[in-house]
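Contents: one structure, followed by commentary.
The values are calculated or read from the model by the stated rules, or taken from the named source; none is laboratory data. Because the structure is a prediction, the values reported are computed rather than measured. Every residue, glycine among them, receives a Cβ derived from its backbone with ideal geometry; neighbour counts consider all protein chains shown.
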Amino acid sequence: MRLFTFNDLSFRINKDQFTKKIDELIYLGNLCNSYNHPLYIHKNGLFSAWIGEIKIKEAIQSYLAKEKKTLFFRLMDKSVLKLPDESAIPNGYIFKYNDNDISCSGLAECAFRQLCDESVSTYSLSETCFQDHQKLCVKIHDSNAKNDSIEEQHIINISNLVDLESCLKHELPPLSSWNDLLDRTKHFDKITIVPNARESLLRESFEISLACTIWERLKVVQAMIEAPTNEYHELDRKYCHGERALFSPESTKRINSLGEKLNFCINGEKICCDYHAKISHRTWRIHMNEKPKTNKQIHIVHIGHKII
C-alpha cells in the first residue's frame, strides 16, 4: 500500500487548528517511519495553503516554536516522498473531485496509480473536508482516448492515526532494495526471473516507487497463473485488453523493427519474448516468455527500460 496525504492544509484555518494539524502531520510522519513505510506528501499543495490571512510558510515562522519548526522541516526534508511526481501521470488526463479540477494534486496522482492497479490509500488530517469520507471518488477523463468515457476511482481514505497504525501492522515490510524485491518473488513458484534480468535490474538505481509497481505487476502474473478458468478470463479481460491494457504483446511492426533485441536465452534456447507488462509512468517494461496462463511456468527475461 502506498499512503498519500494531499492538500489537507489548503483551507483558511485559524492558529490553533493549524498547530494541531502540524502536530498530527509530524506524528503521521513518525508513525510511518516507525514501520519503515513510505509516506507521500503533496509538497506544492501544502506550501500553497493559507492559514487565516497569511501563507503557510509565514504561519510556520510566526506560530510554531523553534523545536516544532525543526521537526516539521526535518519531516519535509528527509522522511517523505514529495509529490507531484512529474512523470507519473501522462499528458491528457483530467481529474475531478466533487466536480473541482484536481489535476495538479496529490489526490490525482493517487487516483491514477490506483487506475494502474497499484495498491494506494490516502490519509486525511482531522477536521478537514475529507475526514468523514471512508472513500474518495475521483473522476478521471483521458482526453487522448478514442471514446469519451469517464472512469471513477474510489480510494480508501484513512482519517485517524489508530486506524492507520492498525493497517500498517498488517502490511508487508517495505521494499528497500532491488534484492528485497527479488527475494520476495521467490514465493512465486511458477515465476522465474532469469539471471540476466536480475543482474541488469541490480545495476539500476533503486527507486521504491518503481519497485512497488514492479511488485504489483508480478502479483498479477502470479494471480493469472493460479487462477481457475473462470477467474482467469476475468483477469485477462481486466489486465490484457483495452486501450490501457497493462499486459500486451509487441506490435508486429515493433517485433520486426527490434528483431534480435527481443530474443532472450531460456534454458539454452533463444526465444522471442515480446509479451510484456507496462510501467507507463517510468517507460519500463517487464518482458516474459509468453502470456501468463493458468498453471504455466513464466520466465521473466527483462525488467527495465522499454526496449528500443
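Remarks
- Evaluated against (1) within 22 Å of Arg285 (Cβ to Cβ); (2) surrounded by 14 or more Cβ atoms within 10 Å (Cβ to Cβ); (3) of a type outside the set (Phe, Trp, Tyr), Cys167 falls short on exactly one condition, (1).
- Of all residues in the stretch 36-70, exactly one satisfies the criterion of being crowded, with 16+ Cβ neighbours inside 10 Å, of a type in the set (Ser, Thr, Tyr) and modelled with pLDDT under 85, namely Tyr40.
- Search result, residues across the stretch 125-153 that are part of a loop (DSSP other than H, G, I, E, B) and either in contact (Cβ under 8 Å) with a residue 60 or more places away in the chain or of a type in the set (Val, Ile, Thr) (or both): Leu125, Ser126, Glu127, Thr128, Cys129, Phe130, Ala145, Lys146
- Which numbered condition Leu172 fails, given (1) farther than 30 Å from Cys32 by Cα; (2) assigned to a loop (DSSP other than H, G, I, E, B); (3) touching a helix residue (DSSP H, G or I) at 6+ places or on another chain (Cβ under 9 Å): (1)
- Within the stretch 216-240, residues that are in contact (Cβ under 8 Å) with a residue 24 or more places away in the chain sit with their Cβ atoms under 6 Å from residues that are of a type in the set (Asp, Glu), at 6+ positions apart or across chains, in these pairs: Glu216/Glu118.
- Just one residue in the set Ser205, Ser200 is out of contact with any Ser or Thr (no Cβ under 9 Å at 6 or more places or on another chain), surrounded by fewer than 18 Cβ atoms within 10 Å (Cβ to Cβ), assigned to a loop (DSSP other than H, G, I, E, B) and of a type in the set (Gly, Ala, Ser); that residue is Ser205.
- Some residue of the stretch 164-171 being farther than 21 Å from Thr5 by Cβ, out of contact with any Leu (no Cβ under 8 Å at 6 or more places or on another chain) and without any contact (Cβ under 8 Å) to a residue 60 or more places away in the chain: no
- If you filter the stretch 71-124 down to residues that are loosely packed, with under 14 Cβ neighbours inside 10 Å, of a type in the set (D, E, K, R) and part of a helix (DSSP H, G or I), you find that the one that is modelled with the highest pLDDT is Arg74.
- Every residue from the stretch 214-234 that is hydroxyl-bearing (Ser, Thr, Tyr) and either on the phi > 0 side of the Ramachandran plot or crowded, with 18+ Cβ neighbours inside 10 Å (or both): Tyr232
- Residue within the stretch 286-293 that is part of a loop (DSSP other than H, G, I, E, B) and under 22 Å from the mean Cα position of the chain (by Cα) present: no
Table: residues versus (1) at pLDDT 95 or above; (2) exposed (fewer than 15 other Cβ atoms within 10 Å of the Cβ); (3) basic (Lys, Arg); (4) farther than 20 Å from Arg113 by Cβ.
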position	(1), (2), (3), (4)
Glu243	no, yes, no, no
Leu246	no, no, no, no
Glu250	yes, no, no, yes
Cys273	yes, no, no, yes
Asn295	no, yes, no, yes
His302	yes, no, no, yes
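- Of all residues in the stretch 241-262, those satisfying the criterion of being under 16 Å from Thr283 (Cβ atoms), over 27 Å from the mean Cα position of the chain (by Cα) and in contact (Cβ under 8 Å) with a residue 40 or more places away in the chain are Leu258, Lys261.
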